[in-house]
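**Q** I have a structure I would like to understand better, so I am pasting it below and will then ask my questions one at a time.
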Amino acid sequence: MATSVSDALEQLKSTGVRMTPQRHAILSYLMNSMTHPTADEIYRALSPEFPSMSVATIYNNLRLFVDAGLVRELTYGDDSSRFDADLSDHYHCICKSCGRITDFEYPPLLEVEKAAARETGFIVEGHRMEIYGICPDCAASDKAGKS
């Protein structure tokens, strides 16, 4: 991950954002998470430590982090966004059974942007690709259930 929690905190402070304990905890949780959590998952994980924190606080801070360019919001057509603090070029495999999202990299796909720019004249700013299937855990559970 290119940005550390301390770098992200400094970036926010330099733009005048006050660093609250809740904000720090949300940012740390996101930057150390590999699960692409929803706001509700972040709330459930942090509420024991911050019992007075609301889901609205989570959403407001996530919006702040997205606007600051520290976090990506991932939407997949369902009602809940997921958040990813890994801003490197990577793709996602999404389990159609449990919703688990796993990162993977495949550098040759970056050539697609260059080809699109050449063929269309667009100034390409990025692309997004998702692969859908069944994760190993769900596949193993399905096999166990059929045995």
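Nothing in this text is a laboratory measurement; each read-out follows from the coordinates by a stated rule. Treat the numbers as computed from the prediction; the structure is a model and nothing was measured. When we count neighbours, we look across all protein chains shown, and the Cβ atoms used for this are built from the backbone with ideal geometry, even at glycine.
**Q** Count charges around Ile58 for me, please; just the other residues with Cβ under 12 Å from its Cβ, Lys/Arg as +1, Asp/Glu as -1.
**A** On the way: positive: Arg23, Arg44, Arg63; negative: Asp40, Glu41.
Once positives and negatives cancel, what remains is +1.
**Q** Find how many whole Å separate the alpha carbon centroid of segment 100-147 from the alpha carbon centroid of segment 43-74.
**A** 26 Å
**Q** Count charges around Leu12 for me, please; just the other residues with Cβ under 14 Å from its Cβ, Lys/Arg as +1, Asp/Glu as -1. Could you put the intermediate results ahead of the total?
**A** Working: positive: Lys13, Arg18, Arg23, Arg63; negative: Asp7, Glu10, Asp67.
Cβ neighbours under 14 Å give a net charge of +1.
**Q** Okay, next question. Based on other C-beta atoms within 10 Å, arrange Met129, Met53 from fewest to most.
**A** Details: Met129 10, Met53 19.
Ranking Met129, Met53 by Cβ neighbours within 10 Å, fewest first, gives Met129, Met53.
**Q** Right, something else. Counting Lys +1, Arg +1, Asp -1, Glu -1, what net charge surrounds Cys138 among other residues with beta carbon under 15 Å of its beta carbon?
**A** +2
**Q** Please identify, among His92, His127, His24, the residue showing maximal mean-square fluctuation in a Gaussian network model of the chain using a 10 angstrom Cα cutoff.
**A** His127
**Q** Counting only C-alpha contacts under 8 Å and six or more residues apart, can you give the relative contact order of the chain as a whole percent? The partial results should precede the final answer.
**A** Numbers: 146 pairs, mean separation 28.1, N = 147.
Here the relative contact order equals 19 percent.
**Q** Can you list residues from other chains, or at least 5 along the same chain, whose modelled amide H is less than 5 Å from the amide H of Ser97?
**A** Cys135
**Q** Which entry in [x] 17.3; [y] 16.8; [z] 16.3 matches Kirkwood radius over Cα pairs in Å derived from the coordinates of this structure?
**A** [x]
**Q** Could you give the dipole magnitude of the chain about its Cα centre, charging the beta-carbon of Lys and Arg +1 and that of Asp and Glu -1, in debye to the nearest 20?
**A** Values: 14 positive and 21 negative charges, 61 e Å.
Rounded to the nearest 20 debye, it is 300 debye.
**Q** Just order 131-142, 63-74 by mean Cβ neighbour count inside 10 Å, highest at the front, would you? Provide the component values of the computation, followed by the final result.
**A** Details: 131-142: 12.8, 63-74: 16.1.
Top to bottom by mean Cβ count within 10 Å: 63-74, 131-142.
**Q** Using a Gaussian network for the chain with springs between C-alpha atoms less than 10 Å apart, which of these wobbles most: Thr57, Thr75, Thr35?
**A** Thr75
**Q** Next question. Can you compute 3J(HN,Hα) from phi for each residue in segment 114-120, using the Karplus curve 6.51 cos²θ - 1.76 cosθ + 1.60 with θ = phi - 60°, rounded to whole Hz and x for Gly and Pro?
**A** 5, 5, 4, 5, 4, 7, 10
**Q** Restricting to DSSP H runs of at least four residues, report the calculated mean residue ellipticity at 222 nm for the chain, -39500 (n - 2.57) per run over all residues, nearest 500 deg cm²/dmol. Don't skip to the answer; put the middle values down first.
**A** Details: 6 runs with 65 residues, N = 147.
Helix contribution divided over all residues of the chain: -13500 deg cm²/dmol.
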